[in-house]
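Nothing in this text is a laboratory measurement; each read-out follows from the coordinates by a stated rule. This is a predicted model, so every value here is computed, not measured. Positions of Cβ are backbone-derived with ideal geometry, glycine not excepted, and every protein chain shown enters the neighbour counts.
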Amino acid sequence: LASDPLASYRLDSALERGAARAAGPVGWLLLVLAAGYVWTVVQAPIDSVQGVIQKILYVHPPLAYGAYLGFVMTAIGGIVYLAQEREEWDRFAIASAEVGILFCTLMMVTGPIWGKGTWGRWWTWDPRLTVTLLLWFVYLAYLVLRSFAGPGARTARFAAVYGIVGVLLIPLNYYVIEIFDDRSLHPDNLESGSLGEGMGLPFLMGNLTLFVAFVYFFLLRFEVEGLRMRAALRLSEERS
Amino acid sequence: VSYVIAAYAVTALSLGFYGLNVWRERSALRREEASRGSDIANHG
């Protein structure tokens, strides 16, 4: 058993116990917020330029912020893992990447729907869209790597470095519109006061609800990663 | 309107489907772990 990579895992950390306890209340909060979110989006005023399709604003950027958060948390998990070699931080990184890729995928689905309605086409090789696609591929590759490479410190170390390097794409993704100012079709990044009257509350509710959804899914997924590891450890002990 | 409905429906269904899947896996793994724990308690 000593040569088994699973044998070195320290399980049931305070971080994981705290996450498991927090999931229930966060789930209930999500249900309440989701109801308020739907209400504010339905009640939001119709944009005078774009019409009703502008309401995608209340879901598309919040999904992007969730994706950013997931990938930043993947990098944080990687940094702490490399510094402390505590396996729960590797599991923290895996859970963050998975929820991040979910949000990134949905951002890349809602964006083209909005684009089709306003630009008349689903996709264009605009700098923001291109870097977003690259970001999506980078973290999809991270998850593919994790699913095929199996457990062990070597995989965890490589994935940590990969996750840290990958996060450098986020500032590029955010500021690429300003870098390619006149060549970008994508709207500018939102600034304070740039929303029309009555649009602030649904945008706030969208961000709040999808942030809490992110936290809830992360807490569930983080616990599952620990439970999977313990199940694998039990199986390994039974076989030895 | 159909584009707006599509965007919100895809998001809600995907998040709901993902959340349900992870929640069900967590429940199954918790049950399995609990049953292992009671086996050990019963049989030493």
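The table for this structure:
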| read-out | value |
| --- | --- |
| Rounded tilt (10° steps) of A:14-43 against the dominant C-alpha axis of chain A | 20 |
| Average beta carbon contacts from partner chains per residue of A:46-56, 10 Å cutoff | 2 |
| The protein assembly as shown - charge dipole about Cα centre, Lys and Arg +1 at Cβ, Asp and Glu -1, debye rounded to 20 | 600 |
| Dipole magnitude of segment A:35-141, debye to nearest 20 (Cβ charges: Lys/Arg +1, Asp/Glu -1, about Cα centre) | 440 |
| Long-range amide H partners of A:D47 with built H, under 5 Å | A:Q54 |
| Cα-based Rg of the protein assembly as shown normalised by 2.2 N^0.38 Å, two decimals | 1.12 |
| Ranking of B:V10, A:V41 by count of other Cβ atoms within 10 Å, fewest first | B:V10, A:V41 |
| Which of A:P171, A:A44, A:L220, positive extreme of dipole for the protein assembly as shown (C-beta unit charges) | A:L220 |
| Proxy reagent accessibility, fewest Cβ within 10 Å first, across A:W136, A:W89 | A:W136, A:W89 |
| Between 0 and 90°, nearest 10: helix A:127-149 axis offset from chain A longest Cα axis | 20 |
| Helical mean residue ellipticity (222 nm; -39500 (n - 2.57) per DSSP H run of 4+; nearest 500) of chain A | -26000 deg cm²/dmol |
| Among A:A232, A:G120, A:L145 - extreme Cα towards positive end, dipole of chain A, charges at beta-carbon | A:A232 |
| Cα-centre dipole for segment A:131-240 with unit charges at Cβ (Lys and Arg positive, Asp and Glu negative), debye to 20 | 920 |
| Between helix A:169-179 and chain A: long-axis angle, C-alpha atoms, 0 to 90°, nearest 10 | 20 |
